[in-house]
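Step one of this worksheet: look at the structure below.
A short reminder: the numbers here are calculations on the coordinates, not readings from a lab. Here the structure is a predicted model, which is why all the values come from computation and not from measurement.
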Amino acid sequence: MKTMFRSLLVVCALATFSAPAHAADKAAAHHIVIQVSQNDPGRMNLALSNTANAIKYYTGKGESIAVEIVAYGPGLNMLREDKSPVKERIKALKASPIGGDVRFSACHNTQMNMEKREGHPIRIIPEAQVVPAGIVRLTQLQEEGWSYIRP
């Protein structure tokens, strides 16, 4: 029974790590993944500005675009409910007409390490999805042909 349970866990983990991007993202003409791995509000704001500018530029030309910001390591603070210096800006971006083209991914490994270090649960903002590992998510998207940006 334990072996079957472990096998099921491995299959679920592999399915999660190999999950393709959303179908709508596949149809986009342009794909950008932005890494945020520093606890620096200036870089976080730059990532959000880069995102908004790219979306405005391409949609202004009538072209579709998908953007995903992947936060891990100290950069996970960007997506923390209790510490994000940019959470109001993220909410405003997601609520805007261009916000549907943006996804935020939070590293589960970093979240667990922060929880262990801080001794309490770390809540991620509702606009973000938790992915198993930020570095793996970046790799997946780059292997699918997404353009990589690190502000």
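Over all pairs of distinct alpha carbons, what does the Kirkwood formula give as the hydrodynamic radius of segment 38-151, in Å? Answer for segment 38-151: a Kirkwood hydrodynamic radius of 14.5 Å. Taking θ as phi - 60°, what are the ³J(HN,Hα) couplings along segment 124-132 by the Karplus curve (6.51, -1.76, 1.60), each to the nearest whole Hz, with x for Gly and Pro? Each residue's phi maps through the Karplus curve to give 9, 4, x, 6, 10, 10, 8, 10, x Hz. The alpha carbons of segment 100-140 give a radius of gyration and a Dmax of 11.2, 35 Å, in that order.
Multiplying the residue separation of residue 118 and residue 148 by 0.36 nm and subtracting their alpha-carbon distance yields 7.7 nm.
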